[in-house]
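This report refers to the structure that appears directly beneath it.
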Amino acid sequence: MTDTLTSEPTTDVRTLKLFVGGAWIDSTADQHLESRDPGSGELLARVPLGGAADVDAAVRAAREAQRAWRRTAPQVRARALYRLRDVLDRHRDELAALVVADMGKTFDDALAEVGRGIESVEAAMGGTHHLKGQNLEGIGTGVDVELHRQPVGVVAAITPFNFPVMIPLWFLPFALVTGNAFILKPSEQDPLASERIVELVGQVDEIPAGLVSLVHGAKDAVNAILDHPGIDAVSFVGSATTARYVATRATEQGKRVQALGGAKNAMIVMPDADPKLTASQIVGSAFGAAGQRCMAGSLAVLVGTQEEQDRSLQLIVDAASKLTSGPGSDRATDVCPVINAGSRERLVAEIDAAERDGIEVVVDGRTADAGAGGANLGATVLDGVPADHRVATEELFGPVLGVIRVATLDDAIEFANASRYGNSTILFSESGGAAREFRYSADAGMLGVNVGVAAPIAWMPFGGWNDSIDADLSANGEDGFRFYTRQKVVTTRWGGTSAAAAGGGMRF
Ligand code: NAD
């Protein structure tokens, strides 16, 4: 079953509303997307595909609310995040259940995502410290210079389907603590968890009405955000093509923008790697969330002689063959469905084409039952992938692991560095020397050594290199505070004309 477009209600399923000015209001959209549970196929909601009018309503409310919020003391803004953190903490299970139903991942994985999202709130709670400026006194007679950080104004986030809780929370708390108003446009494919987050924000009395808004939609809503003169900065996460589009259009409109894009992450396996750890980390990375993570390792680069490579491959094949595919709601499921039946069809076509090109399907996920939602695909391992084949170069975003064979660590790093992406690269080895060389030479923003999904915690920046990002500043960490603030440098003279006349030092 694929999410379908409708203009008229076909059932009594709920149509989502917008959150604007602290109230839930109807969208002006005349088209809707039917959002379904990828596991069961159940129709969950009609998602309005809004545009300029919806975005404009949110911007008006946001601008009004931000005027007072930017004058609210930074420590009071931070305190609002303490409350938000507590509210989210009390709703972990509920948020995770919404992710399972709407996006399809397993409950444990969804719970881990919610935990990561809450960590971003915790990291942003320290905003008061990060907002402190700098000063240098006595640069001239009675003259001092000081740097202040101020909010950029109204900011928007456009988020992808694969982390409907965590990724909105990469941005919302950092934007608020730095004094901005925040507008969220979640993925139209699974907006229910984002809707609940915004509802929970509404329960925090310290966050004034209008400061956080929710709009729904797809390309038209995104264009309306990019073009609206009342939006000062845009955070985007999604595929590389959309990231480039968003970054270009937002920049043309004079906005500050950070656009995080897609990935093709290589996992390098040295012959000395710990076999058990490596196999479990590789299958967790490649097949967890059905490979729909920007940090998913989608290539295993096996280093060594043919015999050593075969031994590494066998470990991966054994582990992958044991995985069960099924709905995320089933506790026994290892590999959850992909986002919809259309995505499954696309992935099956990719595997078919690879097979026609002579690539060997050593674990075949096409044989798995597609399930009630038509979106299940089992773990798939493709051996003998040429370095220039689509499987080696393009992000497939599904439970498909390509295997590349090389002789040395240098060859492996050279292969990984040739990618147009640069989100993450992983090394499995017990050698400190290999790990050091890898750390020094691998061209990616987030590296892992013996860690299959090297997603940094929220106190560190999250962002890749090359086509995995169109931005100077990443999400989270110090970058999160920097992106949402502008610096102002003030030079002052105090002490009257007598101090200036007294001279000494540099004259202004
Ligand atoms: P997507 O690019 O299809 O959609 C992302 C957002 O852009 C959605 O809100 C969507 O409504 C909007 N959008 C989609 N097409 C558009 C268009 N043509 N014009 C304007 N807006 C458009 O991405 P997705 O499929 O939802 O998410 C998966 C992608 O996100 C993968 O490529 C994955 O690697 C990437 N991702 C990257 C990171 C990272 O940190 N770099 C994190 C998570 C996901």
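The values are calculated or read from the model by the stated rules, or taken from the named source; none is laboratory data. This is a predicted model, so every value here is computed, not measured. Heads up, the Cβs are rebuilt from the backbone with ideal geometry, glycines too, and the neighbour counts pull from every protein chain shown.
Structure summary
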quantity	calculated
Qualifying helices (runs of 4 or more DSSP H) (wholly inside segment 92-202; at least 3 residues being within 19 Å of the chain's Cα centre (by Cα))	92-102, 107-124, 166-177, 192-201
Tabulated pairs, segment 112-132, first under 20 Å from Ala73 (Cβ atoms), second at pLDDT below 95, C-beta under 9 angstrom, 6+ apart or interchain	none
Residue match in segment 49-70 (condition: crowded, with 16+ Cβ neighbours inside 10 Å, more than 20 Å from Ala157 (Cβ to Cβ) and not aromatic (Phe, Trp, Tyr))	no
Qualifying residue in segment 213-236 (condition: in a helix (DSSP H, G or I), farther than 30 Å from Glu34 by Cα, away from the ligand (no atom under 14 Å from the Cβ) and of a type outside the set (A, V, I, L, M, F, W, C))	no
Among residues of segment 237-257, those that are over 26 Å from Gln292 (Cβ atoms) and either within 11 Å of the ligand (Cβ to nearest atom) or in contact (Cβ under 8 Å) with a residue 24 or more places away in the chain (or both), counted	3
Test result for Thr106, under 22 Å from Asp479 (Cβ atoms), touching a helix residue (DSSP H, G or I) at 6+ places or on another chain (Cβ under 8 Å) and β-branched (Val, Ile, Thr)	no
Residues of segment 455-478 satisfying the condition of being part of a loop (DSSP other than H, G, I, E, B) and within 12 Å of the ligand (Cβ to nearest atom)	Ala455, Pro456, Pro461, Gly463, Gly464, Trp465, Ala471, Ser474, Asn476
Residue that is within 17 Å of Ala296 (Cβ to Cβ) and assigned to a loop (DSSP other than H, G, I, E, B), where the choices are Pro337, Pro386, Pro327	Pro337
Top-ranked residue of segment 58-82 - restricted to ones that are touching a residue at least 40 places away in the same chain (Cβ under 8 Å) and among the small types (Gly, Ala, Ser), ranked as farthest from Ser27 (Cα to Cα)	Ala78
Residues located in segment 159-194, provided they are under 21 Å from Pro48 (Cα atoms), more than 13 Å from the ligand (Cβ to nearest atom) and crowded, with 24+ Cβ neighbours inside 10 Å	Phe182, Ala193
Gly448 being in a strand (DSSP E or B) and at pLDDT 95 or above	yes
Residue match in segment 352-361 (condition: closer than 30 Å to Pro38 by Cα and assigned to a strand (DSSP E or B))	yes
Unique match (being more than 16 Å from the ligand (Cβ to nearest atom), polar (S, T, N, Q) and free of Cβ contacts under 8 Å to residues at least 40 places away in the same chain) among Gln281, Gln314	Gln314
Selected residue [surrounded by fewer than 23 Cβ atoms within 10 Å (Cβ to Cβ) and within 22 Å of Phe107 (Cα to Cα)] from Asp369, Asp388	Asp369
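Table: residues versus (1) within 26 Å of Gly261 (Cβ to Cβ); (2) among the aliphatic types (A, V, I, L, M); (3) buried (at least 19 other Cβ atoms within 10 Å of the Cβ).
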position	(1), (2), (3)
Leu409	no, yes, yes
Ser419	yes, no, yes
Ile426	yes, yes, yes
Ala434	no, yes, yes
Met446	yes, yes, yes
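Conditions (1) among the aromatic types (Phe, Trp, Tyr); (2) buried (at least 17 other Cβ atoms within 10 Å of the Cβ); (3) over 29 Å from Ser468 (Cβ atoms), marked per residue:
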site	(1), (2), (3)
Gln203	no, no, yes
Ile207	no, yes, yes
Gly210	no, yes, yes
Ala221	no, yes, no
Leu226	no, yes, no
Val234	no, yes, no
